Every structure is written in C-alpha cells, then in structure tokens.
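Worksheet for the structure shown next.
The values are calculated or read from the model by the stated rules, or taken from the named source; none is laboratory data. Everything numeric in this text was worked out from a predicted model, so none of it was measured. Cβ placement follows ideal geometry from the backbone for every residue including glycine, while neighbour counts extend to all protein chains displayed. These accessible areas exclude ligands, DNA and RNA; they are computed on the full protein's heavy atoms, side chains included. Shrake-Rupley method; radii C 1.70, N 1.55, O 1.52, S 1.80 Å.
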Amino acid sequence: MESLGKMIAPDTLRFERILRGPIDRVWSYLTESEKRGKWLAKGEMELVKGGKVTLNFLHSELSPEAGSPPEKYKAMENGHSFTGTVLRVEPPKLLSFTWEGGTYVTFELEETGDDVLMIVTHRKLPVTAGARISVLGGWHTHLHILQANLEGRTPPNFWTLDSQMEERYGNRLNPRAETGMLIRKPAAEVYEAFVNPDITTQFWFTRSTGRLENGKTVEWIWDMYAVTSRVVVKDLVPGKKIWIEWGAEGYPRTRVEFDFEVVETGFTFVHIVCDGFSGDEDTIQKMEVDMATGFGWVLAGAKAWLEFGVRLNLVGDRFYGGRK
C-alpha cells in the first residue's frame, strides 16, 4: 500500500505519489474530463485563472468491482457534484482550484526521470477528527485508483478501499494514550487517592482548589512548573470510575478516564485512557506518547505512596531545573 497522507497542519493534508509518466500524460488525467473521470470525477474545467471547475463524482464507475457505499455515504450512491474556481494553473506542473465547503486543492507535478512526483495539498479543511479522516481516506483511495489506471491495473472498488483507509486513518489520527498499574490496596482507597487532593498531592500535582465531585470544576496546580490545569468532572462512580476533561491554558483539552478494577481481594488495577488530542499529526503523536508516559509516572508514584508511604516525587523530578 502507498504511504499514508499526512496532516501537515490542523486544517491541511498532503499526499505524495510517484506516478508513471510522462508528465503530460499525468497532467491530462488532472485536466481532461474523461480521464479524470476514471479516478476522481468527470466535468469540464476552464484552464485559466478564475475558470469554472465542475466535478461530477460517480464512485461506482471507478472500478468494475462491485461494492456499495457505507450508510454514512448513502447520499452519494447515485453521484455527487459541485463546482469550483481555478486559482492557479501552470501547465503541466501546477493546478489549484477551490473545493467543496470553502476548501481548496493544489496539485504539483515534478518530473523524476521517467516518473512524475505528484504532491496533493488540501487546505482549509474542518479541524474535526471525523472530517479529517473522511478526506484523508477519500484522497488516498482516489490516488490509489489513479495509480492503477496509469499502470494499466484494475482498480479496486472505491467504497471497499475507502472504508479500509478510513479505519486506518482513524486509528492513526484518533490515538488513545493508555497505561495501567496494579496497586495492592482496595479499590475504594485507590479511588479516594485520586479524588481527594490531600492524597493526590503526595504523588501528582502540588495544589488543588478542591475535591473532585460530579459536575464540579477544579484547578490542579504544579507549582514547580508554574502550570495550572482546569479540570471539569464529567462523571464519577465511587470506587470504579473517574471521567474528567482537562487542559492547561493555551493547550488543547483532552478527556481522561480512570477505571478501578478489583482483580483480587484488596488489589486494584488502575487503567487510564486519555484521548481527544488535536493539532497536526506530529503534535497528536507527541501528545499520545507524553500522556502515556506521564500517567505512568503518576501511577508509579501512587503505588509507592499507597503501598509503602514513600513519596517518590516522580512528576516534579522528571523535568527538574527545566531539563528535558
């Protein structure tokens, strides 16, 4: 499978593909209605700045293989159309035009020997995870079908491949930071350690404006880092679950769920899941790693305090003196 597209900014994706040339042939698959209709959409295109672009999508005609759209795309089963405007055109190397929903797409072509490097950049996308996953999956599928056409291969059914790619991009763009730890104390006691700041401050933050209660908003403060996080309590099930949304000022808010599972008498396994990350792909992946690592320190500190009464100060010492 070709390399995955990438979110290079929260509202911008990019794909790079090596296509079978020559460049004029690839250009024709961008600009000529019948050829474009083999992999993307038919429609006339006025190749001048300000020219009209018409795109008529009929995904079922992109492959001889049978397949039906999933429920969320049923409205497109019999086709989908929109018009745009040419923003830039430099044959046979660059084409840019507006797309549906106030977005716009740029195709850049560069000769690399007998092949052609195509860079597709789609800008001003909605920043919701669902929208990004949908657009990434769609472009990946269309470009795969373009490659198949240029190489004389039979392309797969659009909807079958698109569903596979949406699942793959969903797993990549909606990661969950997860960690867990066995603490040899009863669930009620471990739960209390996370809702009661008198205990939590022994292994995590340094101060809090109050105890966690359903529907309540509190602040957690890390004095050593001069960081304050606003914590909104979404749901508490005593001895079993804590669900919060949190985030420091200037940082994205994320969801965190703590589950307290009794695994044997007097022993509790604490499982922490954090999700809802936002930003470009590199930012999201960094947040996933940082959250999983950070909560690992929290659980190790909680275990030491609750089981042995030892304050390890892991969170405070990790970046001691600003060290990374």
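Can you tell me which residues in the range 277-308 are open to solvent by 50 Å² or more (accessible area, probe 1.4 Å), of a type outside the set (A, V, I, L, M, F, W, C) and closer than 27 Å to residue 191 by Cβ?
288, 290, 293
Might you let me know whether the range 204-218 holds any residue that is in contact with a Gly (Cβ under 6 Å, 6 or more places away or on another chain), of a type in the set (A, V, I, L, M) and surrounded by fewer than 17 Cβ atoms within 10 Å (Cβ to Cβ)? Outline the logic, then answer.
Here is the first cut: in the range 204-218, the residues in contact with a Gly (Cβ under 6 Å, 6 or more places away or on another chain) are 218.
Now restrict to residues that are of a type in the set (A, V, I, L, M): 218.
Checking which are surrounded by fewer than 17 Cβ atoms within 10 Å (Cβ to Cβ) leaves us with none.
There is no residue in the range 204-218 that is in contact with a Gly (Cβ under 6 Å, 6 or more places away or on another chain), of a type in the set (A, V, I, L, M) and surrounded by fewer than 17 Cβ atoms within 10 Å (Cβ to Cβ).
Could you count how many residues in the range 166-180 are among the aliphatic types (A, V, I, L, M) and within 21 Å of residue 231 (Cβ to Cβ)? Before the answer, list the steps.
Kept after step one, since they are among the aliphatic types (A, V, I, L, M), are these residues of the range 166-180: 173, 177.
So of that shortlist, the ones also within 21 Å of residue 231 (Cβ to Cβ) come out as 177.
Of the residues in that region, 1 qualify.
Under 8 Å between Cβ atoms, which residue pairs at least 6 apart in sequence (or on different chains) link something in the range 181-204 that is free of Cβ contacts under 8 Å to residues at least 24 places away in the same chain with a partner that is charged (D, E, K, R)?
196/211; 197/207; 197/211; 201/207
Scan the range 143-158 residue by residue and report those that are open to solvent by less than 10 Å² (accessible area, probe 1.4 Å) and either acidic (Asp, Glu) or under 21 Å from the mean Cα position of the chain (by Cα) (or both).
143 - this is the single residue of the range 143-158 that is open to solvent by less than 10 Å² (accessible area, probe 1.4 Å) and either acidic (Asp, Glu) or under 21 Å from the mean Cα position of the chain (by Cα) (or both).
Which residues, taken from the range 166-203, are at pLDDT 95 or above, of a type in the set (A, V, I, L, M) and open to solvent by less than 20 Å² (accessible area, probe 1.4 Å)?
183, 187, 190, 193, 195
Consider residue 18 carefully, then state whether it is among the hydrophobic types (A, V, I, L, M, F, W, C) and surrounded by fewer than 15 Cβ atoms within 10 Å (Cβ to Cβ).
Details: among the hydrophobic types (A, V, I, L, M, F, W, C): yes; surrounded by fewer than 15 Cβ atoms within 10 Å (Cβ to Cβ): yes.
Taking the combined requirement at face value, the residue satisfies it.
List every residue pair whose Cβ atoms lie under 6 Å apart, where the two residues are 6 or more positions apart in sequence or sit on different chains, the first residue falls within the range 68-95 and is under 20 Å from residue 31 (Cα atoms), and the second residue, located anywhere, is in a helix (DSSP H, G or I) and among the acidic types (Asp, Glu).
Close Cβ pairs satisfying both conditions: 82/100; 92/24.
Looking at 15, 82, can you tell me which residue is closer than 22 Å to residue 130 by Cβ, touching a Gly at 6+ places or on another chain (Cβ under 6 Å) and modelled with pLDDT of 95 or more?
Numbers: 82 fails: touching a Gly at 6+ places or on another chain (Cβ under 6 Å).
Step by step, each of 15, 82 is checked, and only 15 is closer than 22 Å to residue 130 by Cβ, touching a Gly at 6+ places or on another chain (Cβ under 6 Å) and modelled with pLDDT of 95 or more.
Give the range 57-74 a look and list any residue that's over 25 Å from the mean Cα position of the chain (by Cα) and either exposed (fewer than 15 other Cβ atoms within 10 Å of the Cβ) or of a type in the set (Phe, Trp, Tyr) (or both), or say none.
57, 61, 64, 65, 66, 68
Counting only residues that are aliphatic (A, V, I, L, M), over 26 Å from residue 237 (Cα atoms) and part of a helix (DSSP H, G or I), how many does the range 267-314 have? Even if it seems obvious, please write down each step before you answer.
If we filter the range 267-314 for residues that are aliphatic (A, V, I, L, M), which is where we start, we get 270, 272-273, 284, 287, 289, 291-292, 298-300, 302, 304, 306, 310, 312, 314.
Okay, now just the ones that are also over 26 Å from residue 237 (Cα atoms), so 284, 287, 289, 310, 312, 314.
When the remaining residues are screened for being part of a helix (DSSP H, G or I), the result is 284, 287, 289, 314.
Counting residues in the range 267-314 that are aliphatic (A, V, I, L, M), over 26 Å from residue 237 (Cα atoms) and part of a helix (DSSP H, G or I) gives 4.
Considering the range 21-49 alone, what residues qualify as being basic (Lys, Arg), buried (at least 16 other Cβ atoms within 10 Å of the Cβ) and closer than 17 Å to residue 96 by Cα?
Of the range 21-49, the ones basic (Lys, Arg) are 25, 35-36, 38, 42, 49.
Next, only the ones that are buried (at least 16 other Cβ atoms within 10 Å of the Cβ) stay: 35-36, 38, 42.
Once the filter is applied, which keeps residues that are basic (Lys, Arg), buried (at least 16 other Cβ atoms within 10 Å of the Cβ) and closer than 17 Å to residue 96 by Cα, the range 21-49 yields 36, 42.
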